[in-house]
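This report concerns only the one structure given below.
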Amino acid sequence: MDTDRINIIELKNLSLGYAGRPLFSGANIAFGWGEFTALVGRNGTGKSTLLRTIAALAQPLGGEIIIDSRPLNSMSRSEIARMISFVSTDEVRVNNLQVRDVVGMGRAPYTNWIGTLAEDDHKIVDRALDLVGMSSFAATSVDRLSDGERQRVMIARALAQDTPIILLDEPTAFLDLPTKYDICLLLSDLARKEGKSVIFSTHDLAVTLELCDTVAMIDGGVFHYGTVESMTNEGILERLFTYNRKKHFF
């Protein structure tokens, strides 16, 4: 890895799991600014749990998470909301709202107690819509959108939250192949052009190889982490994806 690289997320001796069921332990890896990272691994290895834990939506069994040089457990909910946005794989349930209103929810960490958007907030919402190519849908009801368009709206909401870290749990799981690629290309551009650390869980080898900068892989309770090139040259990615094709388990 680049010796001049500046980390924004550090996992220090991190252990995750549930009562009586550890997923992994002793993870020591870091994620840098402006990097697009694929989080891969077999089902049940802890990908979603890791993302939720970094987002402070779950607690680790041990170790700690450092966000921009600060322990995550020392940060307030408001401070976390200004550093980390999270796009889950859950179905979007905001059908009675217009696209602009949903994206505007991302400004919640910065608004007053009744959620009134100021002029600057509206500008940020407009820019987020423009970045994901959804400006022309601003007044459209979310229930009139395709799955791919809805996912773009949720990414726009994360952008409107204006955080340096964006976490996404299988953001393309239910999309067709062209839309899946377009969404990942968008995320890749956001990481590099906007300088954000974007981490997403995925089962797509082609997207990982073509668009990502780095890969974090959970395999048998062990973390492997590196650039796409290094992980490919060492045969680590090939081992995982070949295994999963044979077992139909990925």
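The values are calculated or read from the model by the stated rules, or taken from the named source; none is laboratory data. As the structure is a computational prediction, the values presented were derived from the model and not from experiment. Methodologically, a virtual Cβ is constructed for each residue, glycine included, from the backbone with ideal geometry; neighbour enumeration extends over all protein chains shown.
Some points to look at:
- For segment 1-36, the set of residues classified as at pLDDT 85 or above and surrounded by fewer than 14 Cβ atoms within 10 Å (Cβ to Cβ) consists of 13, 28, listed by residue number.
- Tally, over segment 157-178, of residues that are over 12 Å from residue 88 (Cα atoms) and among the aliphatic types (A, V, I, L, M): 5
- Inter-residue pairs, beta-carbon under 7 Å, first surrounded by 21 or more Cβ atoms within 10 Å (Cβ to Cβ) and in segment 37-66, second among the charged types (D, E, K, R) and assigned to a strand (DSSP E or B), 6+ apart: 41/219
- Evaluating residue 147 against the criteria (1) modelled with pLDDT under 90; (2) over 20 Å from residue 48 (Cβ atoms) leaves one unmet condition, (2).
- Segment 164-194, subset in contact with an Asp or Glu (Cβ under 9 Å, 6 or more places away or on another chain) and among the small types (Gly, Ala, Ser), residue nearest to residue 58 (Cα to Cα): 191
- Restricting segment 172-213 to residues that are closer than 24 Å to residue 82 by Cα and hydroxyl-bearing (Ser, Thr, Tyr) leaves a set whose member that is surrounded by the fewest Cβ atoms within 10 Å (Cβ to Cβ) is 188.
- Filter result for residue 103 (over 19 Å from residue 18 (Cβ atoms) and either part of a strand (DSSP E or B) or in contact with a Cys (Cβ under 9 Å, 6 or more places away or on another chain) (or both)): no
- Exactly one residue out of 250, 223 is within 22 Å of residue 13 (Cβ to Cβ) and at pLDDT below 90: that is 223.
- Listed conditions (1) over 18 Å from residue 194 (Cα atoms); (2) out of contact with any helix residue (DSSP H, G or I) (no Cβ under 9 Å at 6 or more places or on another chain) are all met by residue 123, apart from (1).
- The residues of segment 164-193 that are touching a Phe, Trp or Tyr at 6+ places or on another chain (Cβ under 6 Å) and of a type in the set (Gly, Ala, Ser), listed by number, are 188, 191.
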